[in-house]
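Chemist: Dumping the structure here so I can ask a few things about it.
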Number of protein chains: 2
Amino acid sequence: MSPVRRSSATAGNLLYAQSGGVTSVINATAAGVIEAARARGVKVYAARNGILGALREDLIDTSKETASAITALRHTPGGAFGSCRYKLKSLADNRAEYERLIEVFRAHDIRWFLYNGGNDSADTALKLSQIGKTLGYDIRCIGVPKTVDNDLAVTDCCPGFGSVAKYTAISTLEASLDVASMAETSTKVFILEVMGRHAGWIAAAAGLAGEGADAAPHIILFPENAFDEAAFLARVKATVERVGWCTVVASEGVRNAAGQFLAEAGTRDAFGHAQLGGVAPVLAALVKEKLGYKYHWALPDYLQRSARHAASKVDAEQAFAVGRAAVDYALAGMNAVMPVIVRTSDAPYRWKIEPAPLAKIANREKKMPRSFISRDGFGITAAARRYLAPLIRGEAPLPYGRNGLPSYVQLKNAAVTARLPAFKP
Amino acid sequence: MSPVRRSSATAGNLLYAQSGGVTSVINATAAGVIEAARARGVKVYAARNGILGALREDLIDTSKETASAITALRHTPGGAFGSCRYKLKSLADNRAEYERLIEVFRAHDIRWFLYNGGNDSADTALKLSQIGKTLGYDIRCIGVPKTVDNDLAVTDCCPGFGSVAKYTAISTLEASLDVASMAETSTKVFILEVMGRHAGWIAAAAGLAGEGADAAPHIILFPENAFDEAAFLARVKATVERVGWCTVVASEGVRNAAGQFLAEAGTRDAFGHAQLGGVAPVLAALVKEKLGYKYHWALPDYLQRSARHAASKVDAEQAFAVGRAAVDYALAGMNAVMPVIVRTSDAPYRWKIEPAPLAKIANREKKMPRSFISRDGFGITAAARRYLAPLIRGEAPLPYGRNGLPSYVQLKNAAVTARLPAFKP
């Protein structure tokens, strides 16, 4: 037992880390974690750049941050402590990494580990939750949900998704007003490419921008359906002829019947690389080639997942709530669980947080229900609207500076003095 | 003289039309026009799809709209009456069009014409302002400024620009927080492509996102400078090595030393077309090829100029003010002028509206001063900051619906009964 260990139920420190692609509200989760832990008298260390920081003993002492800085995390996008894409191997495959983590945990009296991420991170948290039994180090591991992909199992939705959904619906609405006013002599087809390599959750959210055959978006292309060029072109043509213009929202993961990503199959850069990517320019070229319509396309990329200025209130609140709940679960002695969002009512929308076993979440993927895509494959159903609509409701207040920019916080991120030899993951 | 003509100083109707690419605040100008005219007892017709509507006798009776609908135009992006890209030829080259316009004006007792657009629209308004002398129809023509390109002569800035500038600065800031948190194991270079085919005003505005060598954006590429591949790559490399990551903002109009657009020179689509476009993917491929860094790129396209949800307060106010002033000038009997924005002080920022002759504005283009680009060509100077900073200040309030989306108005756009035979422009 470490000499600094205290005897109370809350003896020891808590380690928090961010993992995978960040979102506009992952720092709201960090704020929830730190505020809840502070209220319980528990010190929070953050690992710099996710699990890598834990392996490298590169820790941040969040107690050096002011209360107002932590509060400001609630409205600051990106990952305040740095994130990473790094998946721990199994204990059998890389025992050295687990032993190193235990060394680091022991050196800094870390008794709780909260890992904030998606499927892979849930897997990492689950593996670490077992080292008490396998390697004899007593630690509580909690997975904390975060992903714009909305593909975590068990939870009704994932913190981060509601805000990208809102950004996408607003952007679809706004750009469509632009296209509508110019269509007489200019652009007739506008294509917005959104994230979603494997599931069409974000593309589906664009459907909230309007309802009815004549409202934008007129066509949504999902990765769940093989791209049918003839049907797509026929729909574009019919829409332009009826409405005067057409807005298409395409998921980056749209594939052809052979299973290839359209973004890779259709275009090559000057060096012959397929990775130049973008399904939107491929669709645009197709529209021009086959129908002769003037087009524009947009690819917001990181803008969509970092747009805290257009975040959903529901999403920001849920992100904060899972952070608080994770601390509660950890300090209550739970292990290998994740706070998940349970929807108890669609209208009025009601939700609560409950613990769910990581074993039911790690490495699983929640697909979008087939019943969310309309029969013609180009839109969303009433069931999808019932699910999606509450997630973009409400605006999340944001302080702006006199310079006209959001006042995002930059933490001090003071390093904890290392006590161990260096380790190269 | 038309039988409906009244004898007072404000006898007759006013025709308002929107022209060229729309902005997130052009409808605020429309609101200024309509509210000012209503207050003076003057009826406003709007031409559907710009000057085309005037030629086709396709007019909208704005008196059918409620006061609250007109107020809602102040926060609704796009062009509420439709816009067009259509340039009138000279009187000598197409006398029939001018005669048709006079027929339409006479049939609807139009005594004032307000044309809301950029350089080309100022030219159209100027040509029409002369038909009193040349064709004997007494009309007052006022150009009303609008363009995200910020390239109108005389006026200090152009309504529409401040909001796209603010959107761009916010997006640069937010996406950079995302990149910063992922750089350790993922994307090291992020490229944001912004509008600006001939001038780097919007790219320059991205520079407001941060200040100092280590703050994003680290590199801005302007159309004013020939692209220097070696210098660009060296700066990217140095930035990644020093900061850990690099944000590049590139104007769509970046050209190589031979004067070709990089977007066209560097990439071909599956059909061999150069128009697929996008300078960002070309730069991204270059970074990957020569430096090996993982990249992401974004191309917000219409999203940037329709993003009323992130509009600048100063911009929205100026857009409204030029609309009101245009009515004042017209009813005061002025002709061939434009209400322009005059900056009377940088700090505190102060501005006023004054009339300027269209002859000094039509067909001219205001370039970005060379003194706004830093000596190394990759950033903005203190002079640029002094000019740009006030234009993105303040947020422009926006009502949101219970559905979480901005409450944008859809006008009735009731058609005025046509009195003339059809005309095909």
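Chemist: Take chain B, connect every pair of alpha-carbon atoms lying under 10 Å apart with a spring to form a Gaussian network, then pick out the residue of B:Lys290, B:Lys87, B:Lys360 with the largest mean-square fluctuation.
Modeler: The residue with the greatest mean-square fluctuation here is B:Lys290.
Chemist: Can you return the aspartates and glutamates within cross-link range of A:Lys64? Criterion is Cα-Cα under 14 Å, with same-chain partners fewer than 8 residues away left out.
Modeler: A:Glu35
Chemist: Inter-copy label distances at B:Tyr400, 7 Å along the Cα→beta-carbon direction, one decimal in nm, shortest first?
Modeler: Sorted ascending, the copy-to-copy spacings read 1.5 nm.
Chemist: First select every other residue whose beta carbon is under 13 angstrom from the beta carbon of B:Gly118; then total the charges, Lys and Arg +1, Asp and Glu -1.
Modeler: The answer is +2.
Chemist: Need the C-alpha centroid separation for region B:220-263 versus region A:98-173, integer Å.
Modeler: So the two Cα centres are separated by 38 Å.
Chemist: Relative to the longest principal Cα axis of chain A, at what angle does helix A:279-291 sit, 0 to 90 degrees, rounded to 10?
Modeler: Helix A:279-291 sits at roughly 0 degrees to that axis.
Chemist: Then there's this: Tell me the distances, shortest first, between A:Asp93 and the same position across the other copies, using label points 7 Å along Cα→Cβ, in nm to one decimal.
Modeler: 6.8
Chemist: Go ahead and run the numbers for FRET between A:Ala359 and A:Arg386, Cβ-Cβ distance against an R0 of 30 Å, rounding to 0.05.
Modeler: 0.50
Chemist: Something else about it: How shielded is A:305-311 by partner chains, expressed as the average number of their Cβ atoms within 10 Å of its Cβ atoms?
Modeler: 6
Chemist: Most mobile of A:Gly292, A:Gly53, A:Gly278 per a Gaussian network model of chain A (Cα springs, under 10 Å)?
Modeler: Sorting by GNM fluctuation, first place goes to A:Gly292.
Chemist: Using the alpha-carbon atoms, what tilt in degrees (0 to 90, nearest 10) does helix B:229-243 show relative to the longest principal axis of chain B?
Modeler: Approximately 70 degrees, to the nearest 10.
Chemist: Which FRET efficiency, nearest 0.05, do B:Ala414 and A:His198 yield, Cβ-Cβ r, R0 56 Å?
Modeler: Efficiency for this residue pair is about 0.75.
Chemist: Right, something else. Relative to the other copies, what are the label-point distances for B:His198, with labels 7 Å from Cα along the C-beta vector, expressed in nm at one decimal and sorted shortest first?
Modeler: When each copy's label point is compared with this one, the spacings are 4.9 nm.
Chemist: Using a Gaussian network model on chain B with a 10 Å cutoff between Cα atoms, which of B:Ala165, B:Ala69, B:Ala325 fluctuates the most?
Modeler: Largest GNM mean-square fluctuation: B:Ala69.
Chemist: Cα extents of chain A along the three principal axes, largest first, in whole Å?
Modeler: Rounded to whole Å, the extents work out to 77, 45, 41 Å.
Chemist: Also: Mind checking which lysines have their Cα closer than 17 Å to the Cα of B:Lys352? Skip sequence neighbours fewer than 8 apart in that chain.
Modeler: Output for B:Lys352: B:Lys146, B:Lys313.
Chemist: What does the structure give for B:291-304 when I average, per residue, the other chain Cβ atoms found within 10 Å of the residue Cβ?
Modeler: The mean count of partner-chain Cβ atoms within 10 Å per residue comes to 6.
Chemist: What number comes out for the charge environment of B:Cys157, summing +1 per Lys or Arg and -1 per Asp or Glu over other residues with Cβ under 10 Å away?
Modeler: Taking every Cβ under 10 Å from that of B:Cys157, the sum is 0.
Chemist: Using r as the Cβ-Cβ distance of A:Glu99 and B:Glu289, and R0 as 35 Å, what FRET efficiency do you calculate, to the nearest 0.05?
Modeler: That gives a FRET efficiency of 0.30.
Chemist: Related question: For region A:161-306: lysine pairs with Cα atoms under 22 Å, gap of 8 or more or different chains, count?
Modeler: The number of close lysine pairs in region A:161-306 is 7.
Chemist: Taking only C-alpha pairs under 8 Å that are 6+ residues apart, what is the relative contact order of chain B in percent?
Modeler: So the answer I get is 23 percent.
Chemist: Next up: Restrict the search to region B:135-203; then list the GluC sites (Glu not before Pro) that DSSP places in a loop and that have at most 12 other Cβ atoms within 10 Å of their Cβ.
Modeler: In loop regions of region B:135-203 (DSSP not H, G, I, E or B), there are no sparsely surrounded GluC sites (Glu not before Pro).
Every number here is computed from the coordinates shown, using simple stated rules; none is lab data. Worth saying up front: this structure is predicted, and the values here are computed from it rather than measured. FYI the Cβ positions are ideal-geometry reconstructions off the backbone, even for glycines, and counts take in every protein chain you see.
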